[in-house]
Amino acid sequence: MATAAAANPKPPMSSDRKKQIALGSLLVVLLVVVGWNYFGPASKTPPPAPKPNDGRVRNSDLQGGASQAAAAPAVAAGSRETFGPLEVLPTLGLFTGELAASRNVFDYPKPPPPRPEPRPPTVTEPPPTINIGSISPGGAIAGSSRPVQVAVTGRYFPTDAVVMVNGNRVATQRQSETSLRITLTGRDLASPGAVRIKVVSASQPDRLWSRELPFTLQPSPEPNESFIYTGRIGNQAVIGFKDGKRPKVVSVGDSLNGAVLWKIVAINDRQVEMLDTRNDIRKAISLTPKSHS
């Protein structure tokens, strides 16, 4: 029999047969897996209990009612009274798997308040130590050649008190403990404006000084404000009046009433020179030719 079996070996398995066997094995394995999942043992290992504050929602939280929901710890997500991005949001750690509070990248910090620019210190001058009360008269007409005497009154005048006019010391007469007198000359009265008058100590001008008072110089009157020089007849001049009066023929030495009393001092073909007799100021008006229309 052994010889017969060796003489007649089994034919080799075909490739189709091998495929059928492999497919059957795969089906058996698949049936075993499905049966185990559906019909396996009832006791399975429960999943691990979630940790507090891990952010996962449990069925018990949804089914337990208001009491269980109130007992569940809440994750603080920031508190703001106004609408806007939250300052703190819960984030999940990459390595620990736990929730942690971190800064919201969309909530930008407030800019710092602007720094005030430094101001230079305020320098306050000390108060004057001499009390200057008034000056009389308080003004004059600019351009007058006549000197003007000015009385300066006040208190705390030192024995060496002197009066300064526009920063220059002038000759000062001490009338009493409260009165000084000075004389303003044509140089001081040359131009309209204000003359600055103050009192200082001759020996201690930086320690004993007063405030400044203005002595006002008004512009002097002009003859052309009242008169018009319209022509000449020999040595005489024809003067018209701007207020509508009839023209008048005048000679050197005559006087005319205007803003002040004017005296005729010279006549020529171009102008008439007049003297302001009140302020001793010499002025002139030019010839105004008649228009030929």
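The values are calculated or read from the model by the stated rules, or taken from the named source; none is laboratory data. Every value quoted in this text rests on a predicted model; they were computed, and no experiment measured them. A quick note on method: Cβ atoms are made from the backbone with ideal geometry, for glycine too, and the neighbour counts reach across all protein chains shown.
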If you go through region 228-239 one residue at a time, do you hit one that is surrounded by 13 or more Cβ atoms within 10 Å (Cβ to Cβ), free of Cβ contacts under 8 Å to residues at least 24 places away in the same chain and not assigned by TED's automatic domain parsing to the domain that holds Thr153?
yes
Counting only strands (runs of 3 or more DSSP E) entirely within region 158-204, those with at least 3 residues that are touching a residue at least 24 places away in the same chain (Cβ under 8 Å) and hydrophobic (A, V, I, L, M, F, W, C) are 161-165, 179-184, 193-201
For region 242-284, how many residues meet the condition of being among the hydroxyl-bearing types (Ser, Thr, Tyr) and either touching a Gly at 6+ places or on another chain (Cβ under 8 Å) or closer than 12 Å to Glu222 by Cα (or both)?
0
List the number of the failed condition for Val165; all other conditions in (1) more than 42 Å from the chain's Cα centre (by Cα); (2) buried (at least 18 other Cβ atoms within 10 Å of the Cβ) hold.
(1)
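So for region 190-202 (the condition being polar (S, T, N, Q) and either over 27 Å from Asp276 (Cα atoms) or surrounded by 13 or more Cβ atoms within 10 Å (Cβ to Cβ) (or both)), does at least one residue qualify?
Within region 190-202, one or more residues are polar (S, T, N, Q) and either over 27 Å from Asp276 (Cα atoms) or surrounded by 13 or more Cβ atoms within 10 Å (Cβ to Cβ) (or both).
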Complete set of residues in region 123-149 that are surrounded by 11 or more Cβ atoms within 10 Å (Cβ to Cβ), under 45 Å from the mean Cα position of the chain (by Cα) and part of a loop (DSSP other than H, G, I, E, B)
Pro128, Thr129, Ile130, Pro137, Gly138, Ala142, Gly143
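Could you please let me know if Thr159 is surrounded by fewer than 16 Cβ atoms within 10 Å (Cβ to Cβ) and under 30 Å from Ile264 (Cα atoms)?
So Thr159 fails the test.
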